[in-house]
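The values are calculated or read from the model by the stated rules, or taken from the named source; none is laboratory data. From a predicted model like this one, the values you see are computed outputs, not experimental measurements. Don't worry about glycine lacking a Cβ; one is built from the backbone with ideal geometry, like all the others, and counts go over all protein chains shown. Quick note on the areas: whole protein, heavy atoms, side chains included, nothing else; ligands and nucleic acids left out. Shrake-Rupley method; radii C 1.70, N 1.55, O 1.52, S 1.80 Å.
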Amino acid sequence: MAHEQALCWIDDELVPAAQARISVLDHGLLYGDGVFEGIRFYKRRCFRLGAHLQRLHHSARAIGLQLPFTLAQMADHIRATVDAAAFEDGYLRVVVTRGVGSLGLDPRRCSRPGYFVLADTLAMVDQAAREQGARVIIASTRRLALDGLDPRIKSLNYLNHILARMEANLAGADEAILLNQAGRVTEGSADNLFIVRDGQLLTPPVIDGALAGITRAVMLELAQQAGIPAREQSLAPYDLYTADELFLTGTGAELIPVREVDGRPLPACPGPVFHRLQALYAEAIAANTDV
Ligand code: PLP
């Protein structure tokens, strides 16, 4: 059931999310054919809205989908939704689908994209995991290959991640880490990953199979400002098992320290680098001047 305060911009109007309707013939629903963004707002200001809209645009271009509005128009819809929300801090989902079409997956059956903006609140992990650290597993489900469905496309089809997340649930863990076909670390089911080793911050390059996370990019910026050496590097499970610190980042997740990988405890959780970046992240949010 939809959160009772959730709000939706659809068909040029704002309605309670529970009343918003899309067609059963929408190819977003039938085939996962579409793209989306997840954006947080704090004190009614979106965090990194421009970067999110740009990524939506890139995801849409990558699947040959024409966005139904300009990015400026979408920013207006988002602003109207945030202004009308019953909560000051929340999470937005901007969804563009291939639209309504007859059965059969050919996108040419859809004449007009579907589109809505949904505002709700979101807590991805419980407070205990946030404070004491999450327990993660390395999933046996591999991240989809670049030549199958490029992980940089934020598409409506999240089954790859969901199957990994189910493995974490079965293992009683908080999150699953996916490897690519070559056994390199890619990302979590809904977040990017960083390790700290010998004072250096390392994250897998997105070409190894991760979403180009916006929180990830903010972390790299903040690390640079703070004089923490940071770079992209391919990682294997060994690097996670032997890291000094490990944490996850994402718009929904924000920053989550990890205390254990596949039953192997990390020596510091939350560690000093995490603490420093978390404080800088909070400052960046407080200083946010996005609309
Ligand atoms: N990876 C995946 C698969 C995600 O779904 C997300 C979250 O949306 C992320 C990484 C983190 O990306 P961002 O920081 O842009 O939210």
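Table for the structure above
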item: Conditions (1) open to solvent by 50 Å² or more (accessible area, probe 1.4 Å); (2) at negative phi: number failed by Gly227; result: (2)
item: Residues satisfying the stated conditions in region 208-229, i.e. in a loop (DSSP other than H, G, I, E, B), aliphatic (A, V, I, L, M) and either within 15 Å of the ligand (Cβ to nearest atom) or farther than 10 Å from Leu277 by Cα (or both); result: Ala210, Leu211, Ala212
item: Of residues in region 152-170 being open to solvent by 60 Å² or more (accessible area, probe 1.4 Å) and away from the ligand (no atom under 11 Å from the Cβ), the one nearest to Arg93 (Cα to Cα); result: Asn157
item: Matching residues, region 77-101, being open to solvent by 60 Å² or more (accessible area, probe 1.4 Å) and assigned to a loop (DSSP other than H, G, I, E, B); result: Ala86, Glu88, Asp89
item: Hits in region 1-53 (condition: touching a residue at least 24 places away in the same chain (Cβ under 8 Å), assigned to a strand (DSSP E or B) and among the aliphatic types (A, V, I, L, M)); result: Leu7, Ile10, Leu14, Val35, Ile39
item: Leu56 vs. criteria closer than 27 Å to Ala253 by Cβ, open to solvent by less than 20 Å² (accessible area, probe 1.4 Å) and modelled with pLDDT of 95 or more; result: yes
item: Every residue from region 105-134 that is among the small types (Gly, Ala, Ser) and either modelled with pLDDT under 95 or open to solvent by 50 Å² or more (accessible area, probe 1.4 Å) (or both); result: Ser111, Ala123, Ala128, Ala129
item: Test for Asp262: is it under 27 Å from Met74 (Cα atoms), charged (D, E, K, R) and open to solvent by 30 Å² or more (accessible area, probe 1.4 Å); result: no
item: Top-ranked residue of region 59-75 - restricted to ones that are open to solvent by less than 40 Å² (accessible area, probe 1.4 Å) and not in a loop (DSSP other than H, G, I, E, B), ranked as nearest to the ligand (Cβ to nearest atom); result: Ser59
item: Set Ala236, Ala243: member being more than 16 Å from the ligand (Cβ to nearest atom), surrounded by fewer than 16 Cβ atoms within 10 Å (Cβ to Cβ) and in contact (Cβ under 8 Å) with a residue 40 or more places away in the chain; result: Ala236
item: Residue within region 272-280 that is open to solvent by 20 Å² or more (accessible area, probe 1.4 Å), in contact with a strand residue (DSSP E or B) (Cβ under 6 Å, 6 or more places away or on another chain) and at pLDDT below 95 present; result: no
